[in-house]
Each structure stands twice: as C-alpha cells, then as structure tokens.
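This report concerns only the one structure given below.
The values are calculated or read from the model by the stated rules, or taken from the named source; none is laboratory data. This one's a predicted model, so the numbers in the text were calculated from it and none came from an experiment. Using ideal geometry, Cβ is built from the backbone for each residue, glycine included, and neighbour counts are taken over all protein chains shown. For accessibility, only protein heavy atoms count, side chains too; no ligands or nucleic acids. Shrake-Rupley method; radii C 1.70, N 1.55, O 1.52, S 1.80 Å.
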Amino acid sequence: MDNFVYDIPTKVYFGKGEEEKVGKIISEYNVKKVLLHYGSGSVKKTGLLDQVKKALEAENIPYVELGGVVANPVLSKVREGIELCKKEGVDFVLAVGGGSVLDSAKDIANGVANPDIDVWDFSMGKAAPKATLKKGCILTLSAAGSEMSNSCVISNPEENEKRGYGSPFNRMNFAIENPELTYTVNAYQTACGAVDIAMHTIERYFCPGTDTYLTDAVAEGVIKSIMKAGVDCLSNPEDYAARANMMWASSLAHNGLTQCGRTFQLTVHQFEHEVSGLYPEVAHGAGLAALWCSWARYVYKDTMPRFIKFAQNVWNINVDPENPEYSVLKAIELQERYYKSLGMPTSLKELNVKEEDLEKLALACSRNKTRTLAGYKPLAYEDMLAIYKMAY
C-alpha cells in the first residue's frame, strides 16, 4: 500500500429537507455577499431557486445571481462569474445544481481569489490556485461527485479543449444532499450519472498499487451499490432508497476514499474529455460508457490480476485458474451489457462521433504525441488511436 494523505474538509448535510437549512448554514461563515450560481432552468421550474433565495433573505444574506451554466461548463461563463463577483464584492459562492454548476463555481471561486492569474492557466496546468473563496453546494444531480472531490473540469469551446485540474482549494466547504431533489432527473441523465459515478471508482480500482484489500473492498461495494441503484432509479424515479444510495455513492466514488494506497489516475476520463471537448453535446457518462469496454479489452492482458479480481468480486464469476482470460472477457462483456441495459451507448458511432475525427482525438489526448498515460499498460499516441478505433 502506497503512502497517502486523506483530507476531506467538506461537511455533508444529507437527507430530506436539508436544503431548507442553507441560509443558517451560510450565516455561520460570516459572509458579505453570496454568488448564487445555477444552470439553465430546472432549479427555477422545481421552485428550488426561490426556496434558496428565501432562505438567504431570512438570514439577511445579500446575494447576486448568475445562471446559465451548461453541461460541460464553459470558460466564458466562469470569466463572467469572476467579473460579477469582483464588481459585487462577493466572498461566498453557492452552487445549486449538478456537477457542471459545481465545477463552474469552483473555478469562479479560484479565479476571484487569485486575481493575478488567468483562470484558464489552472486548467492547463500552467499555474495552481493559492487561495479560494468559501463555497458550498446544493446537489440536484448524482453523477460527477464534484460535491466532495478536489477536481474541477472546464471546457474552452474556442480551442476545443476540455481540461480538469485537482487542487485542495476545489473542495466545497459544505454539500447539501437531498435525494428527493433528483426525482425529476430524466432517465438518460440518471443513466449517465450511474455510469459516471461507477467509473470514478472503477478507474481507481485499476490504478497501480498492491496490498490494498481494504480499499478494494470499499471500492467493490461502491461499484456494486451504484450499479444496483442505477437500475432501481430507472425502474422507479421516486424510489428514495435508490436515489439516496446513488447520491451517497456519487460523493464516496470521487472524494478519494476508493483510491487510498493506490496511484491516482483516471485514464478513460482522459479519453472522454477529448470526445466531449470536441463534441460538447456528448454527455460525459455516455462518453465513458462508449469507451471503457474498448479500453478494458485493449489493456486487460497487462492487468490480469486486477481484472480477475474484478470478475470475481464485482461480477461474481468463478474464475477458472486454467483459463482466467475467458472469465475476464466475460466480466467485460457483462459490464457492456449493463451499459446497454441502462440505454447507454457502447460505441463512439452511437454518439455521432465522426470516424475521421479519431486521429484528432488521439492527438489531443496525447498532447500531440508528447504525453503517455501511465498505468499497468502505459498508453502512448498509437495506443490511444487504437482504443478510439476499437470504440468506434
């Protein structure tokens, strides 16, 4: 087991009606003014936005609004938020929405607190935040895990770039998680969320490391729980138990718990970021479903012990020691069937990705042939192109 530091400063308020406390919670931070940041309309339709405003007003907390965040949140909206916060004297950012809103809020908070640094430099790895504004969220979509993660992913459509960066300053001070707020999430986005949540831990499961049987057991529990919850949510969108388990899995899958003692890397996420960076209409979870099985079939021979364990402990396959490869391929096939059962794509062609763009994707993912993705099987440009082609 590798050395690690596990530090999760985010305070979670979980359960029915917890969003009603948001005014009192924020009042504890002695804020001057709040940026109320949200998406494209669902929080208005459900009445949640009005409820949040009333909660802030009840505590005499001034606020300014910025809506319009889209899936795959864009740099231009972040820059708009930074300028608004500077103009209005905002010192707290409250995100109300899903992962896109939360990531946009994180980047805004970092941009305001580091005025001498271009916020896009954080995404490009040219600089790191040295401070941030205090921030919290009310989660309305179980998927990205941004409510407890140190990650922030932003798109720059002008350059067809989608980049993520990690920083301790990306952690939320608090996260309000009421599973009832996800009842109205449609079937497709629910399925995308289930894929994204599971993938945050599946990818960690296949990171290099040894003697992490406790971390592995936690990871296997999260993976199996979210796969069950995803199916149950699609069967009954107002199944509170399913929505609750899905929401909690979202937080645990991406807060670092399921990687303790293993090297951190999200390889398939890197592949997908290029897809949704070039095709912004592609939902992140759908892109992951379209790519993972091809990645798995490409690398499994170099990662046999982990894939054998995955087959045994996630898919309950009795692995034949004389022919373990059969069992591993069966586990990958079952994972693929699971994606199809959710209505998820299992090829890039289903996402309307153009075949002539595969080389462009590989060039972008390899940073023009200068980057190799680490792992049990390191992946250079030629490997990336082969996987994109397999996924087509």
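A simple charge model with +1 on the Cβ of Lys and Arg, -1 on the Cβ of Asp and Glu and nothing else charged puts the dipole of the range 73-146 at about 120 debye relative to its Cα centre.
The tail of the calculated P(r) for the range 86-201, taken as Cα-Cα distances beyond 23 Å, holds 31 percent of the pairs. Note on the chain: dipole from Cβ charges, positive end direction compared against A58, V101, V153; the farthest Cα belongs to A58. S142 contributes an accessible area of around 10 Å² to the protein surface, as traced by a 1.4 Å probe with all chains present.
Could you please report the charge total around F4, scoring K, R as +1 and D, E as -1 over all other residues with beta-carbon less than 15 angstrom from its beta-carbon? Counting the neighbours of F4, the net charge comes to -2. Counting only Cβ charges, +1 for Lys and Arg and -1 for Asp and Glu, the dipole size of the range 268-337 around its Cα centre is about 160 debye.
Relative to the longest principal axis of the Cα atoms of the chain, the long axis of helix 48-58 makes an angle of roughly 40 degrees. Magnitude of the charge dipole for the chain, about its Cα centre and with charges confined to Cβ atoms of Lys, Arg (+1) and Asp, Glu (-1), is about 360 debye.
The listed residues K301, K106, K330 rank as K301, K330, K106 when sorted by accessible area, largest first, using a 1.4 Å probe. E238 sits with roughly 120 Å² accessible to a 1.4 Å probe, with DNA, RNA and ligands left out of the calculation.
Here the range 26-88 exposes an accessible surface that is 46 percent carbon and sulfur, computed with a 1.4 Å probe and the other protein chains kept in place. Amide hydrogen proximity for K162: with H placed 1.01 Å from N in the peptide plane, the residues at 5 or more positions away or on another chain lying under 5 Å are N156.
Output the 0 to 90 degree angle, nearest 10, between the alpha-carbon long axis of helix 213-235 and the longest principal axis computed from the alpha carbons of the chain. In the chain, helix 213-235 runs at an angle near 70 degrees to the longest axis.
Computed 3J(HN,Hα) for the range 317-326, one whole-Hz value per residue from the Karplus formula 6.51 cos²θ - 1.76 cosθ + 1.60 where θ = phi - 60°, is 8, 7, 6, 6, x, 7, 8, x, 4, 4, glycine and proline marked x. Taking amide H positions as modeled 1.01 Å from N, with prolines and chain starts lacking one, the residues under 5 Å from E65 and 5 or more places away or on another chain are L36. Classify the range 167-319: rounded, prolate or oblate, from the alpha-carbon gyration tensor (a ≥ b ≥ c, eigenvalue square roots; a/c under 1.5 rounded; otherwise prolate if a/b is larger than b/c)? Taking the square roots of the gyration eigenvalues as a ≥ b ≥ c, the range 167-319 is rounded. The string of couplings for the range 142-155 from the Karplus curve (6.51, -1.76, 1.60, θ = phi - 60°) is 8, 6, 6, x, 5, 5, 10, 8, 9, 9, 8, 10, 10, 9 Hz, one whole number per residue in order, with x for Gly and Pro.
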